[in-house]
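First the structure, in the form of structure tokens, and then the observations on it.
Read-outs throughout are calculated quantities, based only on the coordinates presented, and are distinct from any laboratory measurement. Since this is a predicted model, take the numbers as computed values, not measurements. We place every Cβ from the backbone using ideal geometry, glycine too, and count neighbours over all the protein chains shown.
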Amino acid sequence: MDLVVLGTGAAYPGPGQASSGYMVRDGRTGLLMDCGNGVVSRLQDAGEMDNLTALVFSHIHADHLLDIFPLFYSRAYVKGERPPRLPLYLPPGEADRFARIAEALRVEPRKLFEEAFDVAEYDPDAGLRIDNLWLSFARNEHPIPTFAIKVEGGGGSMVYSSDTGPSQPLVELARGCNLALCEATLEEADYNPDKPIHLTPRLAAELAKQAGVHRLLLTHLWPFYDRQQMLAEATRVFPSSELAEELKRYPIP
Ligand SMILES: [Zn+2]
Ligand SMILES: [Zn+2]
């Protein structure tokens, strides 16, 4: 399987950047994890727009969610035949809130659900099968229900941290994975241990080291930090660290 990085931004994207969006490709399967602002454009840049087969949300903060509406328009207003409804998986308990967000934006939830998406909530304890991929979850340290996602398939494994502070369940979930795509939102000086809802590059690297992953990609990056410094903070702890690059494909394993 391949990971296609679509958006590496934090709460707002920098110039030429998109917010959170990551696609896993395995044969005919195209699993999109999160759909932040800019991701629909990026899907087209990557040539992957027609390869989507399912969508899963780690949480419904705006920077991980907002392009679901342009994605809806792309599937509702088409020349010719409308594509089949896309399976869309939300964290447990969030489907009603998602419908209310749509309503507030004057997108009729009925249209959203009947014309574009087949919406369900996942059970993080049970896991989720999507074609040949197996997804498992860990509950994160974040202010709203948020889940890290492990994807296994094609003889490889990866974990996507989503947004989180330091989390032992995430370390366990990531254990032995080929690749960890991990948030590194904050510079060390801006990290507040009394409010641990995001990671620093050092914390992401420590997580990767503890979990014994093979490769670490740092993501969820603000435009105002020095990226090379962020990378250096991670490589000091875990040498196989890289900054995630948009539109790059990462083979797994
Ligand atoms: Zn975020
Ligand atoms: Zn968040």
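Numbers at a glance
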read-out	value
Among the candidates Ala138, Ala180, Ala174, Ala189, residue that is closer than 20 Å to Ala11 by Cα and more than 13 Å from ligand 2 (Cβ to nearest atom)	Ala189
Matching residues in region 44-68 - criterion: being under 16 Å from Ala244 (Cβ atoms), more than 16 Å from ligand 2 (Cβ to nearest atom) and part of a helix (DSSP H, G or I)	Asp45
Conditions (1) farther than 18 Å from Leu128 by Cα; (2) buried (at least 22 other Cβ atoms within 10 Å of the Cβ); number of the one not met by Gly14	(2)
Strands (runs of 3 or more DSSP E) contained entirely in region 143-253, each with at least 1 residues that are among the β-branched types (Val, Ile, Thr)	147-153, 156-160, 215-219
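So that you can scan it fast, the table gives a plain yes or no per residue for (1) in contact with a strand residue (DSSP E or B) (Cβ under 8 Å, 6 or more places away or on another chain); (2) of a type in the set (A, V, I, L, M, F, W, C):
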| position | (1), (2) |
| --- | --- |
| Asn51 | yes, no |
| Ala54 | yes, yes |
| Arg82 | no, no |
| Pro91 | yes, no |
| Arg100 | no, no |
| Glu108 | no, no |
| Leu128 | yes, yes |
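Per-residue answers, yes or no, for (1) over 17 Å from Leu32 (Cα atoms); (2) in contact (Cβ under 8 Å) with a residue 12 or more places away in the chain; (3) within 16 Å of ligand 1 (Cβ to nearest atom):
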residue	(1), (2), (3)
Glu94	yes, yes, yes
Lys111	yes, yes, no
Ala116	no, yes, no
Val119	no, yes, no
Tyr122	no, yes, no
Ala126	yes, no, no
Arg129	no, no, no
Ala138	yes, yes, no
Gly153	no, yes, no
